[in-house]
1. Would you mind checking the pairs 81/108; 38/60; 65/108 and listing those with alpha carbons more than 24 angstrom apart?
2. How far, in nm, would the chain grow between residue 33 and residue 51 when pulled straight, counting 0.36 nm per residue and subtracting the alpha carbon separation?
3. Apply 1/(1 + (r/R0)^6) to the Cβ-Cβ distance of residue 44 and residue 76, taking R0 = 25 Å, and write down the FRET efficiency to the nearest 0.05.
4. Once R0 is set to 30 Å, what does the formula 1/(1 + (r/R0)^6) return for the Cβ-Cβ distance between residue 92 and residue 26, expressed as a FRET efficiency to the nearest 0.05?
5. Over the alpha-carbon set of region 4-107, work out the extent along each principal axis and list the three values in angstrom, largest first.
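None of the figures in this text is laboratory data; all of them are computed from the coordinates on show. The model shown is predicted, which means the values in this text are computed figures rather than measured ones. Glycine gets a Cβ as well: all are built from the backbone with ideal geometry, and neighbour counts include every protein chain shown.
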Amino acid sequence: MITFEREYLLMNLIPTREEIREVAEQIRPSIEKIAVKKGWVLNENKDVTDSTIEGLARNKLVYGKRFCPCRRPTGDAEADKIYLCPCRDSAADIEAFGHCHCHLYFKKQ
Ligand code: SF4
């Protein structure tokens, strides 16, 4: 069982592939739920979806929160809130471009 703490950062550890995959599977249902709740869909390209969810899982392990895989948290908890997935700009991006910045969530056709 993995604990979502900041030991990775404090001890300068890099999560293993297995740890990332384990956490990715733990968080996947809530990512799918968010899509349903917001009226979005996940990217049909499973490789992109899987790697983005793994990026979120990695950030959960390293930083303790599901920060966007395309951003680097600054360490300022208040400022970094905008990068928590689904990020601040996701709804506007999905409306304007059909998908979020990471191509995880898409507009429903
Ligand atoms: S760009 Fe997409 S994957 Fe990244 S935080 Fe925003 S909603 Fe999540």
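1. Numbers: 81/108 26 Å; 38/60 22 Å; 65/108 27 Å.
Beyond 24 Å between Cα atoms: 81/108; 65/108.
2. Numbers: separation 18, 0.36 × 18 = 6.48 nm, distance 1.81 nm.
Contour length minus the Cα-Cα distance gives 4.7 nm.
3. Numbers: r = 35 Å, r/R0 = 1.42.
Using R0 = 25 Å, I get an efficiency of 0.10.
4. Numbers: r = 29 Å, r/R0 = 0.95.
After rounding to 0.05, the efficiency reads 0.55.
5. Dimensions of region 4-107 along the principal axes of its Cα atoms: 40, 29, 19 Å.
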